[in-house]
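Each remark here refers to the structure printed beneath this line.
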There are 2 protein chains.
Amino acid sequence: MSSKPDIAFIGLGAMGFGMATNLVKQGYSVTGFDVWAPTLEKFKAAGGLTATTPSDAVKGKDYVVVMVATAAQAQAVLIEGENAALPSLPKGAALLLCSTVPASYVRGLAAQLAELDRDDVFLVDAPVSGGTYRAADGTLSIMAGASDAALDRARFLLQEMADPKKLYIVRGGVGGGSNLKMVHQVLAAVQILSGSEAMGFAHHLGLDLARTREAILQSQGRSWMFDNRSPRMLHPEFQPIASALTIILKDTSIITSEARRAGFPTPMASTAEQVYFSGLGKGYGPDDDSSMVRVYTEGKGKVGPVAGTAETDEAKLELVVALLKGIHLCAAGETIAFAKHLGLDLEQVFDLCINAAGGSYMLEAAGPEMLGLFGAQATAPADAGASLPSIAKGLQDAVDEAQRLKVPVYLGNQASNLVRLALAHRPKTAPEATQGQVVRVWGA
Amino acid sequence: MSSKPDIAFIGLGAMGFGMATNLVKQGYSVTGFDVWAPTLEKFKAAGGLTATTPSDAVKGKDYVVVMVATAAQAQAVLIEGENAALPSLPKGAALLLCSTVPASYVRGLAAQLAELDRDDVFLVDAPVSGGTYRAADGTLSIMAGASDAALDRARFLLQEMADPKKLYIVRGGVGGGSNLKMVHQVLAAVQILSGSEAMGFAHHLGLDLARTREAILQSQGRSWMFDNRSPRMLHPEFQPIASALTIILKDTSIITSEARRAGFPTPMASTAEQVYFSGLGKGYGPDDDSSMVRVYTEGKGKVGPVAGTAETDEAKLELVVALLKGIHLCAAGETIAFAKHLGLDLEQVFDLCINAAGGSYMLEAAGPEMLGLFGAQATAPADAGASLPSIAKGLQDAVDEAQRLKVPVYLGNQASNLVRLALAHRPKTAPEATQGQVVRVWGA
């Protein structure tokens, strides 16, 4: 009926279901596969076709989208599992791997295809960002790396799934997309947790959390993640479950393991990962990641008599915002320095990040200066913003108060130390350091 | 009866009781005071005299030792509390403050004495180290800073309490002793927790902990703290309570707050502090600090299906030792760099630390090179030991495995990042970095 090509879609989880049903709405015949049968029923009800194995799903399909949760799942559905897709994949098919995986995995997948004599497959490394709403709306951010031929073939499909302004073609071919997603996830990993850390700190300070949320959203401590997660932090059962702790933990572990492999330091993402592991050990893995606020609030009343020095709500809120500003500045620095280390296009990284889930006031304010320090052109007029010593002072005040209250602020302490390290490494003759110079920690 | 002078002793806790009864055994008439009445009864039974207020205790005593737990307690018993000691203190008395307090407090105390027109008092800043056994044995390490006149007056008493080879007269007068104690406590803070982290990691790896303990003590991952704490980690109720979590947490908070005040980064001590705060929030404050191993083991079996790659006990143990080596190397670097920043005598710092509770194989092996990098003479022949990249590789292997097991190794991750930062900051033209060059993180 339609002239549009048939699509196979493997992995109908929270993101994949929305992406696949969006394609159905755009008039495609989409054959879905997922290991969880109820999802298939739901997909049928939404107008999709279903298959009971990856092999069946891809038969005769020139376009295959894979949106499983992990590299191990991708390997299983494509190559190693029972009824894997590859033997049934038509010659010259386009294979879009949209899962968040290490660049080393997707590069290895390209090598496996060649070894298996299937280099006819047009592999596109195309991780996405934007959450379930934008998945269902066809307005995701997509970071695509592939050969020119593969991109030509797959572009229409990427365009169906992405916001027109948020389809990023990444240099470096296969692996480049995953690297760009990975550096974006540094911001996600840190800023999902910084929201919990800030709200936990606010709770110990005795602030009203609903009002604190509103105030943070109007402050320089704001971030896309805080806006998105904080309503669920305030729900007594952290509902609805929009993104499980296990998902951001998986992405965080990709960052830290790839960073170790590359010899690059990621102190902010590593700190976030360790705290996420603590939450996992408490059994919070399947819960919404906003529920990490519990890790910070559970100790309230159990630490003995404590007294802070901030007396007014204004003074307390100032500490919370200073904590977030310092954390987000360091997250921005770690993201851009890592991108530089990986040879990514820094202007593209910046443009992606400020417009995606990694966005924050501090990234927008300090990012252009950071790009300049790494030799790239800023995409916006550089604004030096606050001085680095003033960021250090804000962090010091916040961390001092948390110490008086005897509560951990893992990310804030890490940021406080990194800012001091950056100040120790700037040239002795330099005038007062601007906030973007925090990237000196990473050798800028 | 005796020609020895009468002594007042304020603060008969775990350390103070041993120190005071040792003086009784040496033939002194010692009048003790403590807020906890049962302790006074016990002190009487040990041959001491008792007083019911600080004021009564010091009346007519030319020598007063204060061994309370915190600066706030010292301020209360000496000046601000009910029946405080100062108004009753004889003119020209020697006042030995042996508590671990911030240098800024004891310097402020000297200023208060002057303001209160009591600069006749010979104040000695004399924190101690060595644990309860050595307290009772009169063989503590003591770090004393004071005017020459005060030191002349108090020396005999310091000698009664200290091991002859472990009485350190610190340059810088009042405050110098507390600074030396503080930099030593960087090692204590990190190495008390590294023992728990290593044993927790070993537990997740499936190693037998008693055998792991023995193996670590024979390895380059050994430390004084591990030797001392690990037997209690293996006790099902972490008994006996030899040193409460609240005590090392207090010392750790002194380090991090003084470091922030000085603009000096202490990423290792800060990480330890945050994990200690987590333990405090679980209600572990009064428990022995060895019980922090629980923070690492409690998640076992709750993180979902996991699998490591190390198969033999030898391979697993190697990971645990590599973790400890990396952590202890960074702790040594942070200690020496902080000492340099504070203007302490680095040779004295090194000599103190290797002979006190902060001692570790890695400090002994890498310390001399670190001293050299900061322009001090090494007190032992410099041995470059392992290369920094090999330390980085050992940490990477350990942290990768912990990541596979989905368990936090807070200190190991921090060390892994610091080593990568150090490698990023060494001169480009330098040959392969030696392990001591980790101090480049702190700007050496």
Residues being out of contact with any Pro (no Cβ under 9 Å at 6 or more places or on another chain) and of a type in the set (S, T, Y) - total across segment A:85-132: 4
Single condition A:A72 does not satisfy, out of (1) within 22 Å of A:K181 (Cα to Cα); (2) surrounded by 18 or more Cβ atoms within 10 Å (Cβ to Cβ): (2)
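What's the total number of residues in segment A:268-291 that are more than 16 Å from the chain's Cα centre (by Cα) and under 24 Å from B:A415 (Cβ atoms)? Steps first, answer last, please.
Here is the first cut: in segment A:268-291, the residues more than 16 Å from the chain's Cα centre (by Cα) are A:274-275, A:277-287, A:291.
Now narrow it down to the ones that are under 24 Å from B:A415 (Cβ atoms): A:274-275, A:277-281.
Number satisfying all stated conditions: 7.
Just to be sure, is A:K250 facing another protein chain (nearest Cβ under 9 Å) and surrounded by fewer than 22 Cβ atoms within 10 Å (Cβ to Cβ)? Reasoning before the result, please.
Details: facing another protein chain (nearest Cβ under 9 Å): no; surrounded by fewer than 22 Cβ atoms within 10 Å (Cβ to Cβ): yes.
Answer is no for this residue.
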Residues of segment A:107-133 satisfying the condition of being open to solvent by 10 Å² or more (accessible area, probe 1.4 Å), under 17 Å from A:M143 (Cα atoms) and of a type in the set (V, I, T): A:T132
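Would you mind listing the helices (runs of 4 or more DSSP H) fully within segment B:332-443 where at least 1 residues are over 24 Å from B:G175 (Cα atoms) and at pLDDT 95 or above? Walk me through how you get there before you give the answer.
Numbers: elements: B:346-354, B:361-373, B:388-405, B:410-425.
Qualifying helices (runs of 4 or more DSSP H): B:361-373, B:388-405, B:410-425.
Return a yes/no flag: does segment A:282-291 have any residue that is closer than 29 Å to A:K340 by Cβ and either surrounded by 19 or more Cβ atoms within 10 Å (Cβ to Cβ) or at the interface with chain B (Cβ under 10 Å from one of its Cβ atoms) (or both). Talk me through it step by step, then tell me what you get.
Residues of segment A:282-291 that are closer than 29 Å to A:K340 by Cβ, as a first pass: A:289.
Subsequent filtering for residues that are either surrounded by 19 or more Cβ atoms within 10 Å (Cβ to Cβ) or at the interface with chain B (Cβ under 10 Å from one of its Cβ atoms) (or both) retains A:289.
Yes, segment A:282-291 contains a residue that is closer than 29 Å to A:K340 by Cβ and either surrounded by 19 or more Cβ atoms within 10 Å (Cβ to Cβ) or at the interface with chain B (Cβ under 10 Å from one of its Cβ atoms) (or both).
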Boolean, B:L317 is more than 14 Å from chain A (Cβ to nearest Cβ), under 21 Å from B:G221 (Cα atoms), open to solvent by 30 Å² or more (accessible area, probe 1.4 Å) and of a type outside the set (F, W, Y): yes
Residue among B:G326, B:G333, B:G367, B:G359 that alone is in contact with a Phe, Trp or Tyr (Cβ under 6 Å, 6 or more places away or on another chain) and closer than 15 Å to B:Q435 by Cβ: B:G367
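Output the number of residues of segment B:298-314 satisfying the condition of being touching a residue at least 24 places away in the same chain (Cβ under 8 Å), out of contact with any Asp or Glu (no Cβ under 7 Å at 6 or more places or on another chain) and more than 9 Å from chain A (Cβ to nearest Cβ). Reasoning before the result, please.
From segment B:298-314, those touching a residue at least 24 places away in the same chain (Cβ under 8 Å) are B:299-300, B:303-304, B:306-310, B:313; that's our starting set.
From what is left, the residues that are out of contact with any Asp or Glu (no Cβ under 7 Å at 6 or more places or on another chain) are B:299-300, B:303-304, B:306-307, B:313.
Right, trim to more than 9 Å from chain A (Cβ to nearest Cβ) and you get B:306-307, B:313.
Final tally of qualifying residues: 3.
Regarding segment A:219-233, can at least one residue be identified that is away from every other protein chain (no Cβ under 14 Å), open to solvent by less than 30 Å² (accessible area, probe 1.4 Å) and touching a His at 6+ places or on another chain (Cβ under 9 Å)? It would help to see each step written out before you state the result.
Of segment A:219-233, the ones away from every other protein chain (no Cβ under 14 Å) are A:219-233.
Filter once more, so that each one left must be open to solvent by less than 30 Å² (accessible area, probe 1.4 Å): A:219, A:221, A:223, A:225-226, A:229-230, A:232-233.
Retained after the next criterion (residues that are touching a His at 6+ places or on another chain (Cβ under 9 Å)): A:221, A:223.
Yes, segment A:219-233 has at least one match.
What do you reckon, is A:Y28 in contact with a helix residue (DSSP H, G or I) (Cβ under 7 Å, 6 or more places away or on another chain) and aromatic (F, W, Y)?
Working: in contact with a helix residue (DSSP H, G or I) (Cβ under 7 Å, 6 or more places away or on another chain): no; aromatic (F, W, Y): yes.
For A:Y28, the condition - in contact with a helix residue (DSSP H, G or I) (Cβ under 7 Å, 6 or more places away or on another chain) and aromatic (F, W, Y) - is not met.
Output the helices (runs of 4 or more DSSP H) that fall wholly within segment B:147-256 and possess 2 or more residues being more than 30 Å from A:L405 (Cβ to Cβ) and either within 16 Å of the chain's Cα centre (by Cα) or without any contact (Cβ under 8 Å) to a residue 60 or more places away in the chain (or both), or say none.
Numbers: elements: B:148-161, B:176-205, B:209-217, B:224-233.
Filter on segment B:147-256 gives B:148-161, B:209-217, B:224-233.
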Matching option when the condition is in the same structural domain as A:V306 (by TED's automatic domain parsing), acidic (D, E) and open to solvent by 40 Å² or more (accessible area, probe 1.4 Å), among A:D345, A:D400: A:D345
Odd one out for B:P5 among (1) surrounded by 15 or more Cβ atoms within 10 Å (Cβ to Cβ); (2) in contact with a strand residue (DSSP E or B) (Cβ under 6 Å, 6 or more places away or on another chain): (1)
Output for segment B:272-297, where each listed residue is in contact with a strand residue (DSSP E or B) (Cβ under 7 Å, 6 or more places away or on another chain) and free of Cβ contacts under 8 Å to residues at least 40 places away in the same chain: none
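Which residue, of B:A259, B:A269, is open to solvent by less than 10 Å² (accessible area, probe 1.4 Å), in contact with a His (Cβ under 9 Å, 6 or more places away or on another chain) and either at the interface with another protein chain (Cβ under 8 Å from one of its Cβ atoms) or touching a residue at least 60 places away in the same chain (Cβ under 8 Å) (or both)?
Details: B:A269 fails: in contact with a His (Cβ under 9 Å, 6 or more places away or on another chain).
Selected residue: B:A259, the only one of B:A259, B:A269 that is open to solvent by less than 10 Å² (accessible area, probe 1.4 Å), in contact with a His (Cβ under 9 Å, 6 or more places away or on another chain) and either at the interface with another protein chain (Cβ under 8 Å from one of its Cβ atoms) or touching a residue at least 60 places away in the same chain (Cβ under 8 Å) (or both).
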Positions within segment B:135-156 being buried (at least 23 other Cβ atoms within 10 Å of the Cβ), out of contact with any Lys or Arg (no Cβ under 6 Å at 6 or more places or on another chain) and of a type outside the set (G, A, S), in sequence order: B:I142
Qualifying residue in segment A:435-444 (condition: over 11 Å from A:L329 (Cβ atoms), more than 14 Å from chain B (Cβ to nearest Cβ) and under 24 Å from the mean Cα position of the chain (by Cα)): no
Residues of segment A:283-310 classified as among the acidic types (D, E), at pLDDT 95 or above and not in a helix (DSSP H, G or I), total: 2
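The values are calculated or read from the model by the stated rules, or taken from the named source; none is laboratory data. Small disclaimer: the values here were computed from a predicted structure and weren't measured. With ideal geometry, Cβ positions are generated from the backbone for all residues, glycine too; neighbour counts draw on all protein chains shown. The protein model used for the area step is the full one, side chains on, heavy atoms only, and it has no ligands, DNA or RNA in it. Shrake-Rupley method; radii C 1.70, N 1.55, O 1.52, S 1.80 Å.
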